[in-house]
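**Student:** One structure is given below, represented as structure tokens, and several questions about it will come after.
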Amino acid sequence: MYLKRLSLINFKNIGQEEFPLTPGINCFVGDNGAGKTNFIDAIHYLSMCKSAFSMTDTQSVRHGEEFFLLEGSYERSDGRGEQIVCSFARRGGKTLKRNGKEYDRLSDHVGLVPVVIVSPADTALVSDAADERRRYLNGCISQLDRGYLSAVMRYNAVLSERNRYLKVGSDEDMLSIYDRQLAEHGQAIYEKRKAFAERLQPLVGEYYALLSGRREQVELTYRSELAEAPFTELLQRARQRDLANQFTTAGIHRDDLVLRIDGYPLRKYGSQGQQKSFLVALKLAQYRIVGADKGEKPILLLDDLFDKLDMGRVEQLIKLVSGEEFGQIVITDCNKVRLETILGRQGGNYRLYVVANGEIAK
């Protein structure tokens with residue numbers, strides 16, 4: 001699947017733009033703050049119904065305006081077209097339409113237009129707390145499994161209710177009801193996270209080796225308390241601790257992805273370049289899994305391509321994603337000459353847009 005044409009109105013610093021994209025490599029270049037990343041975020045919105053950069057819908061409306069509107073025309077691998085429109089109004093909320101028909105639930109759209117993004121914001125997966133890595137797992141698996149997203153939403157709702165109850169009550173029967181509900185949804189989430197992480201691990205190692213010249217070994221493992229005991233048993237063991245702390249201290253909301261380089265924690269022992277290479281390898285592994293499961297090549301978004309990567313690793317990355325395994329690529333960079341030089345060495349076709357003050361140079 002690829003995006004044939006993108007239209008934007010009042011999105012961040014973009015007033016109004018409409019332009020075609022090639023099925024291959026598309027580049028947006030411009031100074032920092034010009035707005036080139038906003039085009040990538042618009043594409044992410046049309047796939048995931050939200051910003052890729054932890055911005056609210058209201059924050060994504062152009063200053064002084066009351067709404068934004070995004071429209072994408074897509075072509076599937078079988079030639080069928082898809083028209084996706086995402087709009088948000090400060091007073092009316094967000095709506096999403098597919099081929100003219102509005103979705104009842106935004107979550108029903110996730111996975112139709114698969115997308116994978118690599119951006120400087122990914123450093124949070126290494127440096128921040130485990131909830132960032134759980135959020136990453138949830139986003140990945142949700143594109144592949146609609147039931148998973150529903151299970152996560154139900155689990156979080158029960159968890160919130162249980163935590164509220166722990167502040168006011170201690171009835172064993174009531175807690176047992178919450179425990180059964182958490183275990184029902186939590187066990188399914190655990191199994192799917194575990195399976196996804198096991199698929200990621202060898203692919204991350206493979207892509208990291210290609211990017212780094214096989215200088216280091218990396219590993220990714222999924223850590224969960226459910227690997228040690230059934231969920232209901234974990235909750236029972238933690239009962240007194242939960243009552244004392246007034247919140248749920250055991251469960252899949254404490255899971256984590258452990259990232260290592262040469263056997264040591266990536267966060268402490270990996271250089272900035274090694275960490276970025278690991279994250280790129282992780283996203284390429286995700287791309288491969290999503291593409292295999294969906295039967296459609298995802299759109300790959302590479303934001304601020306040279307951030308913490310040297311020229312050699314960027315060239316290797318461009319070489320990788322220019323292969324037949326990958327589909328449409330969207331790249332942003334602040335150095336037009338540098339990007340053109342690398343793309344020229346690959347010998348493939350690409351389309352390049354120059355962005356300034358939220359506008360594409362005509």
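The values are calculated or read from the model by the stated rules, or taken from the named source; none is laboratory data. Treat the numbers as computed from the prediction; the structure is a model and nothing was measured. Counting neighbours? That spans all protein chains shown, and the Cβs are built from the backbone with ideal geometry, glycine included.
**Student:** Out of Asp310, Asp255, report the one residue that is charged (D, E, K, R) and either under 20 Å from Glu206 (Cβ atoms) or surrounded by fewer than 17 Cβ atoms within 10 Å (Cβ to Cβ) (or both).
**Tutor:** Result of the check over Asp310, Asp255: Asp310.
**Student:** Any residue at all in segment 317-330 that's of a type in the set (A, V, I, L, M) and touching a Phe, Trp or Tyr at 6+ places or on another chain (Cβ under 7 Å)?
**Tutor:** No.
**Student:** Then there is this: Under 8 Å between Cβ atoms, which residue pairs at least 6 apart in sequence (or on different chains) link something in segment 309-325 that is among the small types (Gly, Ala, Ser) with a partner that is assigned to a helix (DSSP H, G or I)?
**Tutor:** Ser322/Gln346
**Student:** Restricting to segment 342-362, give me the number of residues that are β-branched (Val, Ile, Thr) and in contact with a Gly (Cβ under 8 Å, 6 or more places away or on another chain).
**Tutor:** Total satisfying the criteria: 2.
**Student:** I would also like to ask the following. Given the conditions (1) touching a residue at least 40 places away in the same chain (Cβ under 8 Å); (2) surrounded by fewer than 20 Cβ atoms within 10 Å (Cβ to Cβ); (3) among the β-branched types (Val, Ile, Thr); (4) under 20 Å from Ala285 (Cβ atoms), report the number of the one that Val218 does not fulfil.
**Tutor:** All conditions pass for Val218, except number (2).
**Student:** Follow-up question, since we're still on this one. Quick check: is even one residue across segment 223-246 touching a Leu at 6+ places or on another chain (Cβ under 6 Å) and outside any helix (DSSP H, G or I)?
**Tutor:** Among the residues of segment 223-246, at least one is touching a Leu at 6+ places or on another chain (Cβ under 6 Å) and outside any helix (DSSP H, G or I), which makes the answer yes.
**Student:** Another one. Kindly establish whether Ala34 is more than 20 Å from Gln328 (Cβ to Cβ), crowded, with 18+ Cβ neighbours inside 10 Å, at pLDDT below 95 and not acidic (Asp, Glu).
**Tutor:** Yes, satisfied.
**Student:** Could you check how many residues of segment 318-362 are outside any strand (DSSP E or B), surrounded by 15 or more Cβ atoms within 10 Å (Cβ to Cβ) and among the acidic types (Asp, Glu)?
**Tutor:** Within segment 318-362, residues that are outside any strand (DSSP E or B), surrounded by 15 or more Cβ atoms within 10 Å (Cβ to Cβ) and among the acidic types (Asp, Glu) number 1.
**Student:** Still on this structure, I have one more. Would you pick out the residues in segment 9-64 that are polar (S, T, N, Q), without any contact (Cβ under 8 Å) to a residue 40 or more places away in the chain and part of a loop (DSSP other than H, G, I, E, B)?
**Tutor:** If the condition is that a residue be polar (S, T, N, Q), without any contact (Cβ under 8 Å) to a residue 40 or more places away in the chain and part of a loop (DSSP other than H, G, I, E, B), then Ser51, Thr56 are the ones that fit.
**Student:** Any residue that is within 22 Å of Pro20 (Cα to Cα) and either assigned to a helix (DSSP H, G or I) or not basic (Lys, Arg) (or both) - is there at least one of those in segment 310-317?
**Tutor:** No: segment 310-317 contains no residue that is within 22 Å of Pro20 (Cα to Cα) and either assigned to a helix (DSSP H, G or I) or not basic (Lys, Arg) (or both).
**Student:** Let me ask you something else. As an exercise: evaluate Leu112 against (1) among the aliphatic types (A, V, I, L, M); (2) assigned to a helix (DSSP H, G or I); (3) touching a strand residue (DSSP E or B) at 6+ places or on another chain (Cβ under 8 Å); (4) more than 30 Å from Gln272 (Cα to Cα) and give the number of the one condition it does not meet.
**Tutor:** (2)
**Student:** Within segment 66-81, is even one residue touching a residue at least 60 places away in the same chain (Cβ under 8 Å), charged (D, E, K, R), surrounded by 14 or more Cβ atoms within 10 Å (Cβ to Cβ) and in a loop (DSSP other than H, G, I, E, B)?
**Tutor:** Scanning segment 66-81, I find at least one residue that is touching a residue at least 60 places away in the same chain (Cβ under 8 Å), charged (D, E, K, R), surrounded by 14 or more Cβ atoms within 10 Å (Cβ to Cβ) and in a loop (DSSP other than H, G, I, E, B), so the answer is yes.
**Student:** Any idea which of (1) of a type in the set (A, V, I, L, M); (2) farther than 21 Å from His44 by Cβ; (3) within 17 Å of the chain's Cα centre (by Cα) is the one Ile289 doesn't satisfy?
**Tutor:** Result: Ile289 passes all but (2).
Let's see how each residue does on (1) of a type in the set (Val, Ile, Thr); (2) in contact with a Cys (Cβ under 8 Å, 6 or more places away or on another chain); (3) within 30 Å of Asp173 (Cβ to Cβ):
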{"position": "Phe231", "(1), (2), (3)": "no, no, yes"}
{"position": "Leu235", "(1), (2), (3)": "no, no, yes"}
{"position": "Ser271", "(1), (2), (3)": "no, no, no"}
{"position": "Val280", "(1), (2), (3)": "yes, no, no"}
{"position": "Ala285", "(1), (2), (3)": "no, no, no"}
{"position": "Asp293", "(1), (2), (3)": "no, no, no"}
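**Student:** Can you spot a residue in segment 112-125 that is more than 30 Å from Val314 (Cβ to Cβ) and exposed (fewer than 15 other Cβ atoms within 10 Å of the Cβ)?
**Tutor:** no
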